[in-house]
Amino acid sequence: MTGYFDAIPPILHEGPDSTGDFAFRHYDPDAVVLGRRLEDQLRFAIAWWHGFAWPGTDPFGGPTFERPWFGDGMAQARAKADAAFDLFAILGVPYFCFHDADIRPEGRDFAENTANLDAMVDYIGQKMADGGPRLLWGTANLFSHRRYMAGAATNPDPEVFAFAAATVKTCLEATHRLGGANYVLWGGREGYETLLNTDLGRARAQAGRFLAMVVEHKHRIGFPGTILIEPKPQEPTKHQFDFDVATVYGFLKDFGLEREVKVNIEQGHALLAGHSFEHEIALAASLGIFGSIDMNRNDVQSGWDTDQFPNAVPEVALAYHEIIKAGGFTTGGTNFDAKLRRQSLDPADLVLAHVGAMDVCARAFRAAARMWEDGAIESARRDRYAGWETADAQAMLTSDLGVIEAQVRARRINPVPRSGRQERLENLVNRYV
Ligand code: XUL
Ligand code: CO
């Protein structure tokens, strides 16, 4: 132990009546829900970048956090990893996620970046071997360094494309070495600020080839995990190419990658795209590309990505209901891509943010599971589409407009509108959450 979280005990499940702050009320990892342990259903992961690398800056102010591991050297990177594994142990989370830039110091060039990364992967690998948590996903930070200001794969400069491709190769290999379950690509700068200096078609083709090369390399090295794209409509770039799940699916189809790549859906990104979280999950599942989730929430009034810890059980329950319907997680999980508010300075704040989020998710998952087991929503959905189960309705889908017109005339079809029963269904959900 580093001593940073010294005053804080391991968090245990004490049940809903517990009065302590440092306790789970709803998250009992060993409780069996829908035939699996809750830990295996939810597959919680902690995000290295928000928890340990982010210093509390905002567009108007500098760092507010003073973590003892802040600094540029390898010793600081190791101290950061030590603190991270202390937090993982206190919370008992089964997974973590990282970008290369979160775990290693920035080097002067590609060779130094890679050497730093390799050394930190060795260090983290040893800590994992001691019974620590596993890696849900690794990724490359292709958006913070100034070389990426005009994009990585989509950059007008082929040397930036090369640097990014070489970097992803090293990060995919690092993820493989650590036994990662997935590899994520979030294209934060893969888009543009102004069309006046942008060749859209060329940039999109570069991104398609880049992704295909990542998939080819995955197979070359035998990485068994899933490649995931994380959609987001804007921020930091004004127009991002991976706008939402539907856009990503069109992109994957275009480059023949729809069976190779799935999506990591983030709650805040869904809202920025004008969708609900559950819409994005349900759509991805129906297209066969649902992979994993980044669990957070946005401030509903602010209109940007505030990455707050989840705290609304009804919202989270609807998201998990769609995940349960999709058959649950396979390689994916629930990654807390969420950060503290910048006034939350204490080590305890970092612990309690995760305790609350894990409890909200557990409570929501249990509610969603009850809703699923009772068939509350699903049977109402089935009833609404029951007309399509008849032979006539099915036959219509393989006929043509002329045949259908003849039937409308012969059978004097004259549809009678039926209630969508939205309020009744909302009342029903409220009985569970
Ligand atoms: C940014 C975001 C990223 C990705 C990984 O909004 O969500 O942290 O999750 O690059
Ligand atoms: Co994210």
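The values are calculated or read from the model by the stated rules, or taken from the named source; none is laboratory data. Bear in mind the structure is a predicted one, so any value in this text is a computation, not a measurement. Glycine gets a Cβ as well: all are built from the backbone with ideal geometry, and neighbour counts include every protein chain shown.
Selection within the range 237-288: residues that are of a type in the set (D, E, K, R), crowded, with 18+ Cβ neighbours inside 10 Å and not in a loop (DSSP other than H, G, I, E, B). The member of this set that is nearest to ligand 1 (Cβ to nearest atom) is Glu266.
In the range 327-353, which residue that is under 20 Å from the mean Cα position of the chain (by Cα) and of a type in the set (A, V, I, L, M, F, W, C) is farthest from ligand 2 (Cβ to nearest atom)? Result: Leu350. Selection over the range 1-29 of residues that are among the charged types (D, E, K, R), surrounded by fewer than 17 Cβ atoms within 10 Å (Cβ to Cβ) and touching a residue at least 12 places away in the same chain (Cβ under 8 Å) gives a count of 1.
Looking at the structure I just gave you, is Phe241 of a type in the set (Phe, Trp, Tyr) and over 29 Å from Thr198 (Cα atoms)? For Phe241, the condition - of a type in the set (Phe, Trp, Tyr) and over 29 Å from Thr198 (Cα atoms) - is not met.
Of all the criteria given as (1) within 16 Å of ligand 1 (Cβ to nearest atom); (2) out of contact with any Phe, Trp or Tyr (no Cβ under 8 Å at 6 or more places or on another chain), the one not satisfied by Val214 is (2). Considering only residues in the range 278-305 that are of a type in the set (A, V, I, L, M) and within 16 Å of ligand 2 (Cβ to nearest atom), the one that is nearest to the chain's Cα centre (by Cα) turns out to be Ile293. Restricting the range 233-261 to residues that are under 17 Å from Phe210 (Cβ atoms) and touching a strand residue (DSSP E or B) at 6+ places or on another chain (Cβ under 7 Å), the residue that is farthest from ligand 2 (Cβ to nearest atom) is Glu260.
When the range 290-307 is limited to residues that are within 13 Å of ligand 1 (Cβ to nearest atom) and hydrophobic (A, V, I, L, M, F, W, C), the one that is farthest from Tyr95 (Cα to Cα) turns out to be Trp304. When Glu378 is tested against (1) touching a residue at least 12 places away in the same chain (Cβ under 8 Å); (2) outside any loop (DSSP other than H, G, I, E, B); (3) over 16 Å from the mean Cα position of the chain (by Cα); (4) closer than 29 Å to Arg134 by Cα, exactly one condition is not met: (4). Applying the criterion of being more than 23 Å from Asn182 (Cα to Cα) and touching a strand residue (DSSP E or B) at 6+ places or on another chain (Cβ under 9 Å) to the residues of the range 289-307, the residue that is surrounded by the fewest Cβ atoms within 10 Å (Cβ to Cβ) is Asp299. Look at the range 419-433: where a residue is free of Cβ contacts under 8 Å to residues at least 40 places away in the same chain and of a type in the set (S, T, N, Q), no partner that is assigned to a helix (DSSP H, G or I) and exposed (fewer than 15 other Cβ atoms within 10 Å of the Cβ) sits 6+ places away or on another chain with Cβ atoms under 6 Å.
In this structure, Ile229 qualifies as modelled with pLDDT of 95 or more and within 15 Å of ligand 1 (Cβ to nearest atom). Does Arg108 count as within 26 Å of the chain's Cα centre (by Cα) and surrounded by fewer than 17 Cβ atoms within 10 Å (Cβ to Cβ)? Spelling it out, it is not the case that Arg108 is within 26 Å of the chain's Cα centre (by Cα) and surrounded by fewer than 17 Cβ atoms within 10 Å (Cβ to Cβ).
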